[in-house]
Amino acid sequence: MSALADAYALTDDQRDFRDTIRKVAQERVAPRAAEIDEKAEYPWDLRELFSELNLFGLPFETEYGGTGTGVLMLNIAVEEIAKACASTALMLMLAELGTLPIKLFGSDELKERFLPKVASGEWAPAFALSEPEAGSDPGGMICKAVRDGDEWIISGTKNWISNLGVADFYIVFAVTDPTAGHSRGISAFVVERTREGFSVGNKERKLGMRGSPTGQPIFDDVRIPAENLIGEVNKGMHVALGTLDYSRLGVAAQALGIAQGATDYAAAYARERRQFGKSINQFQGIQFKLADMETQTAAGRELLYQACAKADRGDADRGKYSAMAKLFNSDNAMRVTVEAVQVLGGYGYVSEYPVERMLRDAKLTQIYEGTNEIQRVVIARSLR
């Protein structure tokens, strides 16, 4: 029983690291959050700070300049930063998402070329899977790659891609065998932004996560060397799905951080706000809201940490647990942030207070890295 209880218990070093990140989030990230959201600007200053603190090393092993601390520690960091600013937490999430295909399936040469520069914070990656007509159905993509001697020529447009215009390279999925059928004949490539024919298209004006640029990278007959292929030709969907088994944990951690941040803020507000001659946290209606918010968020943390432990161990059911953690925590983030706005009443509805931003940010966690409807499909398939 004790071994099970300790399956994802934090070590003293992990707790110390968490506390350091928590302090940085409270003192350096939180004061910037409202401005980042209002101006919809990428937080270059916080990226530099994270580089100095080696936070971008969290997704990587020590041989590539990383911390070698594993999946759980990475997502604890995402959680802590997301309590203060979900857009800023995305920088860490994307450092993982945009390199997982290389880490899991890439050649040693690709790993040596790209991973150390992301670990140091010098480079930022992007993951380009979705297209204007291929969101929840990525197997329906039309972006194509054609072999030409020692090169591949990539043509097409991607959509909803985070780090647009910021990324130094893009992990691009393209059809390499159009005769193979739906979801087949797709390959994965690394495309540097300096390649001729690459351009930045439309950037989206978003409801939330406004500090992270999102939109359309365009590939107009972009030539890349053959060694930029990730894994095997026509096995790109295997690369994409294998990546998402891990990256969905980052969304779960981000959603968990949003929920905890909203709960903490609402509880603090309720202690100070007075109505009818007493603090509103003395009213049972408010007490029950806060109790449910804290309980549901604590349950989400247990599920996330268990899923992270499975990913660290490489358990066969890690994909199911990743989907469950993402589903539960993102749905909970929406429930909790709606209630946080209600606790604050009229003040919760204005941008002077952070809970309305948290609500807007929470919505995206139900959508990206696979909508929650897709997560339910993934989970249900494991039960057949």
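Things to note:
- Scanning the range 113-137 for residues that are open to solvent by 60 Å² or more (accessible area, probe 1.4 Å) and over 21 Å from residue 49 (Cβ atoms) returns 113, 132, 133, 136, 137.
- Looking only at the range 364-384, and only at residues there that are free of Cβ contacts under 8 Å to residues at least 40 places away in the same chain and over 13 Å from residue 255 (Cα atoms), the one that is surrounded by the fewest Cβ atoms within 10 Å (Cβ to Cβ): 384
- Output for the range 340-363, where each listed residue is of a type in the set (Asp, Glu) and open to solvent by less than 60 Å² (accessible area, probe 1.4 Å): 356, 361
- The conditions of being open to solvent by less than 40 Å² (accessible area, probe 1.4 Å), part of a helix (DSSP H, G or I) and in contact with a Gly (Cβ under 8 Å, 6 or more places away or on another chain) are not met by residue 331.
So that you can scan it fast, the table gives a plain yes or no per residue for (1) over 24 Å from the mean Cα position of the chain (by Cα); (2) open to solvent by 20 Å² or more (accessible area, probe 1.4 Å); (3) charged (D, E, K, R):
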{"position": "139", "(1), (2), (3)": "no, no, no"}
{"position": "161", "(1), (2), (3)": "no, no, no"}
{"position": "170", "(1), (2), (3)": "no, no, no"}
{"position": "175", "(1), (2), (3)": "yes, yes, no"}
{"position": "182", "(1), (2), (3)": "yes, yes, no"}
{"position": "195", "(1), (2), (3)": "yes, yes, yes"}
{"position": "214", "(1), (2), (3)": "no, no, no"}
{"position": "220", "(1), (2), (3)": "yes, yes, yes"}
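- Residue in the range 1-18 that is surrounded by 19 or more Cβ atoms within 10 Å (Cβ to Cβ), touching a helix residue (DSSP H, G or I) at 6+ places or on another chain (Cβ under 9 Å) and modelled with pLDDT of 95 or more present: no
- Boolean, residue 292 is in contact (Cβ under 8 Å) with a residue 60 or more places away in the chain, over 27 Å from residue 192 (Cβ atoms), within 27 Å of the chain's Cα centre (by Cα) and open to solvent by 50 Å² or more (accessible area, probe 1.4 Å): no
Per-residue answers, yes or no, for (1) touching a strand residue (DSSP E or B) at 6+ places or on another chain (Cβ under 8 Å); (2) over 28 Å from residue 69 (Cβ atoms); (3) not charged (D, E, K, R):
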site	(1), (2), (3)
275	no, yes, yes
285	no, yes, yes
302	no, no, no
331	no, yes, no
365	no, no, yes
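- So residue 146, is it of a type in the set (Val, Ile, Thr), open to solvent by less than 10 Å² (accessible area, probe 1.4 Å) and either at positive phi or at pLDDT 95 or above (or both): no
- For the range 277-287, the criterion of a residue being charged (D, E, K, R) and in contact (Cβ under 8 Å) with a residue 40 or more places away in the chain is satisfied by no position.
One line per residue, one yes/no per condition, for (1) assigned to a helix (DSSP H, G or I); (2) closer than 24 Å to residue 291 by Cα; (3) open to solvent by 20 Å² or more (accessible area, probe 1.4 Å); (4) touching a residue at least 60 places away in the same chain (Cβ under 8 Å):
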residue	(1), (2), (3), (4)
237	yes, no, yes, yes
240	yes, no, no, yes
243	yes, no, no, yes
246	yes, no, yes, yes
250	yes, no, no, yes
255	yes, yes, no, yes
260	yes, yes, no, yes
267	yes, yes, yes, no
270	yes, yes, no, yes
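- Test for residue 337: is it open to solvent by less than 10 Å² (accessible area, probe 1.4 Å), among the β-branched types (Val, Ile, Thr) and either under 26 Å from residue 73 (Cβ atoms) or part of a helix (DSSP H, G or I) (or both): yes
- For the residues 315, 292, the requirement of being of a type outside the set (Phe, Trp, Tyr) and modelled with pLDDT under 95 singles out 315.
The values are calculated or read from the model by the stated rules, or taken from the named source; none is laboratory data. Keep in mind that this is a model prediction, so the values were computed, not measured. Cβ: placed from backbone, ideal geometry, glycine included. Neighbour counts: every protein chain shown. Note: accessible area is taken over every heavy atom of the protein model, side chains too, but ligands, DNA and RNA are not part of it. Shrake-Rupley method; radii C 1.70, N 1.55, O 1.52, S 1.80 Å.
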